[in-house]
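Here is the structure we will look at, set down as structure tokens.
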Amino acid sequence: MAAPAGPPRRSTLITGIGELTTNDDELGRMRDAAVVLEGDAIAWVGSAADAPATDERVDVAGRAVLPGWVDSHTHLVFAGDRSAEFEARMAGAAYAAGGIGVTVAATRAASDAELAANLDRLADEALRGGTTALETKTGYGLTVADELRSARIAAGRADSVTFLGAHLVPAGAEADDYVDLVAGAMLEAVAPLVDAVDVFCERGAFDEPQSRRVLEAARARGLALRVHGNQLGPGPGVRLAVELGALSVDHVAFLDDDEVALLADSWQGGRGTVATVLPACDLSTRMPLAPARRLLDAGAVVAIATNCNPGTSYTTSMAFCVATAVLQMGLTIEEAVRAATLGGAVALDRDAPRTTAGGRALPPLGRIRPGARADLQVLDAPSIAHLAYRPGVPLVHAVWRAGEPVVG
Ligand code: NIG
């Protein structure tokens, strides 16, 4: 299968692929396959025996190749450490959203350079683990100036940036006044830098009318929507996300059957709301694991993400999340890999070609097929089954991101 012809670019043949997971409905999961990368995109996929001539050739000696992870939910613009809070939680303390305030204080006190260096450190760590695309959020600034600099630091370092001014009502503020600020001056300041707006719709954070105000203001500006919903208990987040056409509702640990059906039905007749599950966060907060099996059985679109942040989920490891989804949430290997690659791309609205406001073409993410961004990882294993069969073992052998060899 070949991509439409364009100007000639340097081409690389990756051959000797023992098992190729494409996420493409026609190509499926292939054996003895080869892939050609040209510039930042995939140019050809097929049987190794039919591979075309290229400028260079890399033989991966029977290893498994799959799309790079697409981590669609992280909070990487922060400073500080909350390991003492984590240790207390493991000793029986409950998670409380108020812990966010500890990171807000540390983030406000940090310099731009410190925040950027911390984000780069975590993005590099994620890349070494096979993550080739990631979203990140603001949300530890909570003043106009601190949210704006968080958005500036994230822009250009992440594939997608989300404004989360509605993360917590900062100490000393009155909730409704703060919501006015988020939906007004704060949104106005960050809007040119972000792709989406998110709200932590949960008891102890923002209630349904407050969340709606922020999301409707964002929608009026043409920004995509996300919701942190149903994380710590039942709540209005899922219904609100579906009603307002959010790209994703994330956490979804507490869902009743109607909410599962609502998420599945949101895909009838067009793009719906992705249910993003965050297994590492569920474990680290000792919450029930999100019902990913029920969601898939009902026909919902599921993404798996790390939720990397210093409070509830301090990991960049998508492989850990995939293994947990298989071993503890009842997903098959193929379902979990798809949710952590193509599912994330759908949650970011990057599963199809897009053009930026500035006119730059963005190739799609999450699949290995002609035209997609050349993001792929090679495992030191013959099959993706090893991601859960050998949990906790670092299996990444090599990574290409946008056609560049970045690991291995
Ligand atoms: O997704 N739920 C809200 N936000 C983060 C927690 C952030 C924190 O505790 O610092 C989350 O889990």
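Scanning region 297-322 for residues that are over 16 Å from the mean Cα position of the chain (by Cα) and surrounded by fewer than 23 Cβ atoms within 10 Å (Cβ to Cβ), we see that the one that is nearest to the ligand (Cβ to nearest atom) is Ala298. If the condition is being loosely packed, with under 12 Cβ neighbours inside 10 Å, among the aliphatic types (A, V, I, L, M) and within 16 Å of the ligand (Cβ to nearest atom), then region 48-101 contributes Ala84, Met90, Ala94. Within region 219-242, the set of residues being under 20 Å from the mean Cα position of the chain (by Cα) and away from the ligand (no atom under 12 Å from the Cβ) comprises Leu223, Ala224, Leu225, Val238, Ala241, Val242. The test for being at pLDDT 95 or above, closer than 21 Å to Asp176 by Cβ and within 14 Å of the ligand (Cβ to nearest atom) does not hold for Ser248. For the criterion of being in a helix (DSSP H, G or I), within 16 Å of the ligand (Cβ to nearest atom) and either in the same structural domain as Ala275 (by TED's automatic domain parsing) or more than 22 Å from the chain's Cα centre (by Cα) (or both), Leu187 fails.
The numbered conditions (1) on the phi < 0 side of the Ramachandran plot; (2) hydrophobic (A, V, I, L, M, F, W, C); (3) surrounded by fewer than 21 Cβ atoms within 10 Å (Cβ to Cβ); (4) in contact (Cβ under 8 Å) with a residue 60 or more places away in the chain are all true for Ala385 except (4). Determine the pairs where a residue that is among the charged types (D, E, K, R) and surrounded by fewer than 20 Cβ atoms within 10 Å (Cβ to Cβ), located within region 227-256, has a partner that is modelled with pLDDT of 95 or more and not in a helix (DSSP H, G or I) with Cβ atoms under 8 Å apart, the partner being 6 or more residues away or on another chain. Pairs found: Asp256/Pro234. When region 162-192 is filtered for residues that are surrounded by fewer than 18 Cβ atoms within 10 Å (Cβ to Cβ) and within 23 Å of Ser72 (Cα to Cα), the ones remaining, listed by number, are Ala191, Pro192. From the list Ala253, Ala241, the lone residue that is in the same structural domain as Gly272 (by TED's automatic domain parsing), aliphatic (A, V, I, L, M) and part of a helix (DSSP H, G or I) is Ala241. Just one of the listed residues (Asp195, Asp177, Asp207) is away from the ligand (no atom under 16 Å from the Cβ) and under 22 Å from Val249 (Cα atoms), and it is Asp195.
I want to confirm something. Restricting to region 257-278 and keeping residues that are within 15 Å of the ligand (Cβ to nearest atom) and under 25 Å from Ala217 (Cα atoms), which single residue is surrounded by the fewest Cβ atoms within 10 Å (Cβ to Cβ)? Of everything passing the filter in region 257-278, Thr276 is surrounded by the fewest Cβ atoms within 10 Å (Cβ to Cβ). All conditions in (1) in contact (Cβ under 8 Å) with a residue 24 or more places away in the chain; (2) of a type outside the set (A, V, I, L, M, F, W, C); (3) assigned to a strand (DSSP E or B) hold for Arg31, with the sole exception of (1). For region 274-283, check the following and say yes or no: at least one residue is more than 20 Å from Leu342 (Cβ to Cβ), in contact with a Gly (Cβ under 7 Å, 6 or more places away or on another chain) and not in a loop (DSSP other than H, G, I, E, B). Within region 274-283 (the criterion being more than 20 Å from Leu342 (Cβ to Cβ), in contact with a Gly (Cβ under 7 Å, 6 or more places away or on another chain) and not in a loop (DSSP other than H, G, I, E, B)), the answer is no, since none of the residues qualifies.
The values are calculated or read from the model by the stated rules, or taken from the named source; none is laboratory data. What you are looking at is a predicted structure, and each value in this text was computed from that prediction instead of being measured. Cβ coordinates were reconstructed from backbone atoms using ideal geometry, including for glycine residues, and neighbour counts include every protein chain displayed.
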